[in-house]
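> Let me give you the structure first, and then I'll get to my questions.
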Amino acid sequence: METTELQARLALFEHLLPSQREWTERLLFQLAFNNVDHIEAVGAVGSGKSTLALTLAELFSEQYNVALLNTPADEAQVASQLMQQWFGLPAQAGIALSEQVVAQTGTVPLLLIVDNAEQFSSVLPQLQDLPCLLFSFSAKPLLDDGLTLTISPLTSADAEYLLQAEQLNPLEISSRLAAANGNLHLLLRPAAARSVAEPEHTKPAMPPFKAVYIVIAVVLAAMLLYFFWPESKAPDTSVRIPVQIPAVTTEPEVSTEPEISAEQETILDTTPEPELIPVIPPSVSEPSVAEDTTTEVVTEPAAPEPVAKDNAAAAGTFKYDEAQLLEMDKQQIALQLAVLSSNASLQRFNKAYPQLDSLVYQRNWQGKKQWVILLAPFSSTTAANQQLAQLPEALRASGPFVKRLQAVQTEINALHRNQQSVPE
């Protein structure tokens, strides 16, 4: 799909939050490189799904014949609304909606936007069969096929944009954002107004005579404690306090404990990642402890060897650059450019950006096979960000990001094991 005009119109929309603008740019990027008819936007309650639905209706209104469903309706009401919005005609009873739409379809393509798709779960299969581009917004995935784009949660930039009229400091904005938990409605609600008026009416005033009784009881309790306190307290608190208690806790014992705790901390830090253990130097001051730790270090890193064998065995069965990626150091950095849903989309991407020396691998994401395009390897995140700044403008707008090669190799090995587990 040609999206140049849509991107130019999107730049004129000033009412969008930064995260909403970024999501719309990702949608246009996917439409440019993927031939999809059904796109599903999934977001939590209060994430701005209705705002995005209205934004898409306005954005596509000049190129598409747009219809919007956002109120609960049964099958007959849905057919009546779509025929009225698209063609200005009443729906015909006894004739399938798809046949009526095909009979009236003209030169302008059709676009259907379904907000709160959970309300239309009974008619969604029929809506998927219509000859139109379908956008649906829901709290969880409902469509059987198509592309799913998750709506990003609220960011601090969104909160600053929404709360700029209240002139809050950064700490107050962060507190409001954390309390909202991604809900736009809770973020805009003035939380301070709820906690001011309630406390004074909850506590009745204490009667004067009750206060007098309390004071008398406290005085009597103090007198009883004074007269009946056991006399053995005096010899217990005699000269034993300054006697050789400081001498018992001598400095040699105090000085040895930090060394033992530091040794334990190095052992704990090395256990999550065995491959980093050989780099840790042994202790100089305690040779016996250093020998014990080196023997433990030698036995534990032997576990990752089957993974290396799996990588070597799987290298001959890959179609793209998986073998090259598996040979790279997993601690290095990769720059992920795009995630595509078909090989045809990959070819179009390579034609659009032939100057990029990109690498491609396949992965299995939510039961669907995807093609991931990235640049690698980089020695650090700084080097990857420098390469990101040199990418073409349209590609930078799609939201490339940095990830470790360890995550890439994990996805490659997971797909390979999944393929091996499926019976021939």
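Derivation of every value follows stated rules applied to the coordinates shown; laboratory data play no part. This one's a predicted model, so the numbers in the text were calculated from it and none came from an experiment. Every residue, glycine as well, gets a Cβ built from its backbone with ideal geometry; the counts of neighbours run over all protein chains shown.
> One-quarter of the Cα convex hull surface for region 381-424, in nm²?
Across all orientations, region 381-424 yields a mean hull projection of 4.4 nm².
> Would you mind estimating how fast region 308-421 diffuses translationally, via Stokes-Einstein at 25 °C and 0.890 mPa s with the Kirkwood radius over Cα pairs, in µm²/s? Could the numbers behind the result be given before it?
Working: Rh = 14.6 Å.
Rounded to a whole number, D works out at 168 µm²/s.
> Now for a separate question. Provide the per-residue ³J(HN,Hα) series for region 399-410, in order, calculated from phi with Karplus coefficients 6.51, -1.76, 1.60 and θ = phi - 60°, each as a whole number of Hz, with x at glycine and proline positions.
x, x, 8, 9, 8, 6, 5, 4, 5, 4, 5, 5
> A follow-up question, please. Would you mind classifying region 4-150 by shape? Square roots of the alpha carbon gyration tensor eigenvalues, ordered a ≥ b ≥ c; an a/c under 1.5 is rounded, otherwise it is prolate if a/b is larger than b/c and oblate if not.
On the way: a/c = 1.83, a/b = 1.43, b/c = 1.28.
Verdict is prolate for region 4-150.
> Extending each Cα 7 Å along its Cβ direction at SER342 and PHE13, get the distance between those two points in nm, one decimal.
Going from the SER342 label point to the PHE13 one covers 2.5 nm.
> Next question, about the same structure. Whole-Hz Karplus ³J(HN,Hα) for region 378-386, in order, using 6.51 cos²θ - 1.76 cosθ + 1.60 and θ = phi - 60°, x for Gly and Pro?
Calculated HN-Hα couplings, in order: 10, 6, 8, 5, 4, 5, 5, 5, 5 Hz.
> Which of LYS49/LYS351; LYS140/LYS319; LYS49/LYS403; LYS319/LYS368; LYS369/LYS403; LYS330/LYS351 have a Cα-Cα distance over 25 Å?
Too far apart for the 25 Å limit: LYS49/LYS351; LYS140/LYS319; LYS49/LYS403; LYS330/LYS351.
> Still on this structure: Find out how many positive minus negative residues lie around SER122, taking Lys and Arg as positive, Asp and Glu as negative, among other residues whose Cβ is under 9 Å from that of SER122.
Working: positive: none; negative: ASP74, GLU75.
Within the 9 Å Cβ shell, the charges total -2.
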